[in-house]
Amino acid sequence: MELKVNREVITVCEELYSGVQEQSTELDYILPDYFPEIFRIIQARMEPRIESYAISDGVLTYELCVEICVLYCAQDSPAVHCVRQKLCYTRTVELGRQCEGIAAELIPKPDYVNCRAVNQRRIDLRGVVSVRIRATCGSQQEVIGDIFGLHAQTRKEPVTYTARRLHGVRTFTLSEVAELGEAKPAALQILRTDVQLLGGDARIIAGKLAAKGDAVVRLLYSCEGGMESMQFTLPYSQIVDLEGIDDAFSCTVRPELAGCEITPAAKNDGEARSIQCELRIRLVCTAVKTAVTELVTDVFSTLHPCSYTAAPVRLSGCGAPVSDSGAERCTLVSKEGEIRRVYDVWCTPRNMGARVLPESGSIEVSGMLACSVLAQSDSTAPVMLEQEFPFTRMLPAPEDCTAAQVQVQIPACSYTLTGSDTVVLQPELRILADTQVLRSMPLLTEVHIDQEERIAPKDNCALLLYYGTAGETVWDIAKKYSTSIQAIVEENDLTQERLTENGMLLIPLVDRR
């Protein structure tokens, strides 16, 4: 009798890199002659974006651009002025090796910013931006699917794994001219912009992926009378080529803002009564096909000594997406007296993360909500109210979910003046969680049964009495005595693989003479 081993090749998830890179940001800026002198800095912020990235020969190269925006006011003037500068940096990450189908996730965020006026026409800014980077790929792993011959007994488990993963990136430009309308004054300068990318449908049509979504643009601009806010929505629809995709794949599309240019557009009379908007949007598309098979996790022979090699294999699968929405309530109090008017409010999610709580079957989403209110004080001077609020939301976790990647969006933010110095913000939150099933299990890669030797008989008998305990498996008992699993099951009329109560068992032994 010969030993026959059936082998299978499965795709396993391999993490090539996971870490954070920091980038210091410095700006020494002198105001142009047409800007008024600085009396007071109202706010300084940094908006980092990944404009592009590429992977070649095991090296990830990305372009990090940081848009710096400083709001200030001049002396004896309620008008707010904005200084905008853009700084770009090229960074690299060594992934260790090159493999096909690498998927990279780069999430930039501002860590801190410190800005001061050196004099009335000079600004000094220092800050730090960090980029969280994770790169994964699917590698091929050969494992054992079945073993025959030499009285081999095998323990097999059903395994769900990613049979194929497709990854594609498409970057496009979305351009639009938005009219202000007769009720709004002409724009002088853009003071603040906020773009929320809301993903929509992702469908497979004729071997291609069709992705739809909306870009919600909110902006604040200066005008003759002070400041005005505006909001409009730009829909988009794109076709993404993913070679080999069909209806057996499940797809996710993550929209990212790669660039943003929003400027007032003047007409023939010189008044800017429209807004020129140009957005560069990157669609990161992932398509996954899963498969189920049975693989050998343990083996022994009832007659011959047996040895094997097992390797821990990391299996990944996509769980069901989870979403939630709702409003939060955040209260900000002015330290500069009475608030006469609110120009604009906004809220930014920061340091959002998710962890799976198996004991409660839920996903805990937590982070901070950075709230800002640009208002006019009782002295008619503009003031900025800023405060961060802790945020926690519990979502139901799908079955077998072990990890989740969360995205928190704020498509709208309203406010209410509840007192002379108190503003209550009500940001509308939209939470999207992509769940994963990550499982690490030992799978057999090699097996050896020495057919030249036989296992020594135990006590030269054909039947043993064994006291089994609840929770013990029939497999462990059979392996301990090198006997047949089926023989134990039939001799004791067992209906389950695991013992449900304590009791005596009859263990038939194999004749090894």
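Quick note: the coordinates plus some simple rules give every number you see, no bench work behind them. This is a predicted model, so every value here is computed, not measured. Cβ atoms come from the backbone with ideal geometry, glycine included; neighbour counts cover every protein chain shown.
Pairwise alpha-carbon distances in segment 151-294 exceed 17 Å for 67% of all pairs. Mind grabbing the base-10 log of I(q)/I(0) for segment 85-198 at q = 0.17, 0.18, 0.19 Å⁻¹? Debye formula, identical points on the C-alpha positions, no solvent, two decimal places. Per q value, in the given order, log10 I(q)/I(0) is -1.20, -1.24, -1.28. Stokes-Einstein, applied to the Kirkwood radius of segment 240-349 over Cα pairs at a viscosity of 0.890 mPa s and 25 °C, places its translational diffusion at 109 µm² s⁻¹.
Note that segment 456-508 carries a Kirkwood radius of 11.2 Å, evaluated over its alpha carbons pair by pair. Rounded to the nearest 20, the Cβ-based charge dipole of the chain about its Cα centre (Lys and Arg +1, Asp and Glu -1) stands at 560 debye.
Measuring nothing but alpha carbons in segment 14-144 and taking Rh as the Kirkwood radius, the Rg to Rh ratio lands at 1.19. Here ALA248 and LYS4 are evaluated by their C-beta separation; at R0 = 25 Å the FRET efficiency comes out at 0.20. Between the amide H of ASP421 and those of ILE339, distances stay under 5 Å, these residues lying 5 or more places away or on another chain, with hydrogens modeled in the peptide plane. The dipole here belongs to segment 151-294: it is taken about the Cα centre, uses +1 on the Cβ of Lys and Arg and -1 on the Cβ of Asp and Glu, and is about 740 debye. From its DSSP helices (H runs of at least four residues, each -39,500 (n - 2.57)), the chain gives a residue-normalised ellipticity at 222 nm of -1000 deg cm²/dmol. Our coupling estimate for segment 476-485, obtained by passing each phi through the Karplus curve with A = 6.51, B = -1.76, C = 1.60 and θ = phi - 60°, is 5, 5, 5, 5, 4, 9, 6, 10, 7, 5 Hz, Gly and Pro reported as x. All C-alpha pair distances within the chain, sorted into 20 Å bins from zero, spread as 17, 41, 24, 13, 5, 0 percent across the bins. Building the convex hull from the alpha-carbon atoms of segment 325-455 and averaging its projection over directions returns 12.6 nm².
Using θ = phi - 60° in the Karplus curve 6.51 cos²θ - 1.76 cosθ + 1.60, the 3J(HN,Hα) couplings for segment 438-443 round to 10, 9, 10, 9, x, 10 Hz; x is entered for Gly and Pro. Once each part is reduced to its C-alpha centroid, what is the distance from segment 360-404 to segment 157-212 in angstrom? Rounded to whole Å, the Cα centres lie 23 Å apart.
Applying D = kT/(6 pi eta Rh) to segment 77-145, where Rh is the Kirkwood radius over alpha-carbon pairs, T corresponds to 20 °C and eta to 1.002 mPa s, the Stokes-Einstein value obtained is 126 µm²/s. Centroid-to-centroid, using Cα positions, segment 429-459 and segment 281-307 are 8 Å apart.
Post the alpha-carbon centroid distance, segment 257-278 to segment 34-87, in whole angstrom. Going from one Cα centre to the other spans 18 Å. The phi-based Karplus calculation (6.51 cos²θ - 1.76 cosθ + 1.60; θ = phi - 60°) puts the 3J(HN,Hα) values of segment 184-189 at 9, x, 5, 8, 9, 8 Hz, whole numbers, x for Gly and Pro.
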